[in-house]
Amino acid sequence: MSTQPKMQRRLRIAGMLTGLGLLVQLSTFFGIHASAFMAFAIIGVPLTFAGCTLFLYSLVSNPK
Amino acid sequence: MINPTTLTVGVFIVSIVLVAGIILRPEMTVARTGKIMAFIALFLLPIIADSLGLSVHFEKSKQTSFCLSCHVMQPYGKTLYVDDKHYVAAAHFQNHRIPVEEACYTCHTDYVLYGGVRAKLRGIRHVYVQYLGHVPSPENIHLYSAYNNRECLHCHLGARSFEEEPTHSAMHDDLVANQISCLTGGCHDTVHNVGDLAKQKFWKEDH
C-alpha cells in the first residue's frame, strides 16, 4: 500500500473535522445567546483545532 | 464599510468551501498547488476564521440581550424597566444615559487598562457557571468586589449635573478616591434590588 492514500485519508479526516467545526461555529453567529458562545467555544473550536492538528501531524509524519 | 460579522461569515463560508474541496478530492494535494491549497484550507483559514469568530462573539457578549439570555439574569433585566427614578440602573437605561444595547456591559466593565478583558473573563466565568456550575438564585448574585466609583465617574466626572450638585462638591475628593461609595445608603443605594421587584410598577411591560 502506498503512502499517498493513507496521507489522503488523513487529510480527508482532517478536512471533515475542520469543516464540521467551522459549520458549528458558523451556525452560532445567527443569534445572541450564551449557548451560542458555548457551542462556538466547546464544540466548534476543539473540532477545528483537532482538524488543524491532524493536518499538521499528517505533514510531519511519514505514513506507511 | 463591511460589517465585521458579515466579513467573518464570509471567511467561514470560503473556508468551508475550500475544506469541502479537500474532502471530496484529496488527491489534488499530490500537486504543489494542491498542497498550498490544503495548507490554506486546513490550517491558515481556520485559524483566521476562529480568531475572527472569537472576536465577533466577544463583541456580541457586550449586548444586553446576551446577558439576559441566561434565565437567572432576567429579573435584573426587568429592573431596567422599573418606574422609579431612584433605581439607578432603570434611570440610566430608560433615559439612554448609557447605550441601551450594551447596558450591562457599560456599567459592569472596569474603566482601566485591560478592564474590558477582565470583564470578558468574568463573562466567560458566568457562562461556565450557567452551564456547568451551580447557579445561585437572582437575589444571591453579588458583585465580586464593591462597586468602584471609577465606573460612575467615567461618565459623570466633569459633567455639570455632577459637579454643581452641592453634596457631590462637598465630598468630591473622597468620591474620586473611592473613599465614599456612590452607592452609600442615602445616596444612590437602589440599583437593581431584584428582591423588591414584585412590589414595583414598570415603565413598559413589553420587555
Handout entry: region B:1-36, subset of a type in the set (Ser, Thr, Tyr) and out of contact with any Lys or Arg (no Cβ under 6 Å at 6 or more places or on another chain), residue farthest from the other protein chains (Cβ to nearest Cβ)
Key = B:Thr33
Handout entry: So B:Phe43, is it without any contact (Cβ under 8 Å) to a residue 40 or more places away in the chain and within 30 Å of B:Leu197 (Cβ to Cβ)
Key = no
Problem - Unique match (being charged (D, E, K, R) and modelled with pLDDT of 95 or more) among B:Asp174, B:Asp196 - result: B:Asp174
Exercise for the section: Hey, could you check region B:37-56 for residues that are under 27 Å from the mean Cα position of the chain (by Cα) and more than 9 Å from every other protein chain (Cβ to nearest Cβ) and say which is farthest from A:Cys52 (Cα to Cα)? Expected result: B:Ser55
Handout entry: Per-region count, region B:1-30, residues under 15 Å from B:Leu42 (Cα atoms) and under 27 Å from the mean Cα position of the chain (by Cα)
Key = 2
Practice task
At least 3 residues that are modelled with pLDDT of 95 or more in each: list the helices (runs of 4 or more DSSP H) lying fully within chain A that qualify.
Solution key: A:3-27, A:45-60
Completion exercise
B:Cys182 meets each of (1) among the hydrophobic types (A, V, I, L, M, F, W, C); (2) loosely packed, with under 15 Cβ neighbours inside 10 Å; (3) closer than 19 Å to B:Asp110 by Cα with one exception, condition (2)
Handout entry: Among residues of region B:57-77, those that are without any contact (Cβ under 8 Å) to a residue 24 or more places away in the chain and touching a Lys or Arg at 6+ places or on another chain (Cβ under 8 Å), counted
Key = 1
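Could you look through region A:24-64, keep only residues that are aromatic (Phe, Trp, Tyr) and more than 15 Å from B:Leu45 (Cα to Cα), and pick out the one that is farthest from the other protein chains (Cβ to nearest Cβ)? Full working, then the answer.
Here is the first cut: in region A:24-64, the residues aromatic (Phe, Trp, Tyr) are A:29-30, A:37, A:40, A:49, A:55, A:57.
So of that shortlist, the ones also more than 15 Å from B:Leu45 (Cα to Cα) come out as A:29-30, A:37, A:40, A:57.
On the way: A:Phe29: 6, A:Phe30: 9, A:Phe37: 5, A:Phe40: 6, A:Tyr57: 11 Å.
So the residue we want is A:Tyr57.
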Exercise for the section: Could you name every one of the helices (runs of 4 or more DSSP H) located completely within region B:1-72 that has at least 3 residues being under 30 Å from A:Pro5 (Cα atoms)? Expected result: B:4-24, B:32-39, B:45-60
Exercise for the section: Examine region B:73-87 for a residue that is more than 10 Å from chain A (Cβ to nearest Cβ), more than 28 Å from the chain's Cα centre (by Cα) and modelled with pLDDT of 95 or more, and state whether such a residue exists. Expected result: no
Fill in the blank from the handout: B:Ile98 passes all but one of the listed conditions (1) in a helix (DSSP H, G or I); (2) at pLDDT 95 or above; the exception is number (1)
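Going by what's in this entry, would B:Val100 be described as β-branched (Val, Ile, Thr) and more than 12 Å from chain A (Cβ to nearest Cβ)?
Working: β-branched (Val, Ile, Thr): yes; more than 12 Å from chain A (Cβ to nearest Cβ): yes.
The answer is yes for B:Val100.
The values are calculated or read from the model by the stated rules, or taken from the named source; none is laboratory data. In this text, all values refer to a predicted model and were calculated from it rather than measured experimentally. As a convention, Cβ positions derive from the backbone with ideal geometry for all residues, glycine included, and neighbour counts pool all protein chains shown.
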